[in-house]
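Structure first, commentary second.
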Amino acid sequence: MADISLVAALGNRMDHLIGRQTVVSSNVANANTPNYISRDMTFERLTANKSASKNNSLKSTHSKHFAGSGAASMGGSIVKDESHIRHDGNSVKLDEEMFKLNEIQMNYGLMVQLYTKQKQLQQLVVRNN
């Protein structure tokens, strides 16, 4: 059972990192958009009840929008960063966003390595039995 929960934890962390990369990439894309407030995703365990996940789900404002899964399904919640707002109302700091993207890439690589090692250990156990 410990192996299954480790694989699940690695999967949850990888899902979170994918979601966080999407949010941070959106910040970079909107770096020059007036009144855009920078966002980030926090890592939380998937223990929220169904009503909480409904509150974090993506809302469709047009009939042709895709339905999204929202941050709650990726193990996190989106928070706004209003600590530094420029004169045009934008709060994106490109140097910090690039640092976050680099951090996300390194963490994702680490999760892939851990997942690969776990898979190799499981294969070793199966071969030896």
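The values are calculated or read from the model by the stated rules, or taken from the named source; none is laboratory data. Remember, it's a predicted structure, so these values are computed and weren't measured experimentally. For neighbour counting, all protein chains shown are included, and Cβ atoms are generated from backbone atoms with ideal geometry for every residue, glycine included.
If you go through the stretch 81-110, how many residues are modelled with pLDDT under 95 and within 14 Å of the chain's Cα centre (by Cα)?
0
Sort out which residues of the stretch 9-45 are in contact with a strand residue (DSSP E or B) (Cβ under 9 Å, 6 or more places away or on another chain) and without any contact (Cβ under 8 Å) to a residue 40 or more places away in the chain, and write them in order of number.
Scanning the stretch 9-45 gives 22, 26, 41, 42, 43, 44.
Quick test for you: out of 57, 53, pick the one residue that is at pLDDT below 90, outside any helix (DSSP H, G or I) and surrounded by 12 or more Cβ atoms within 10 Å (Cβ to Cβ). Working first, answer last.
Details: 53 fails: outside any helix (DSSP H, G or I).
Answer to the check: 57.
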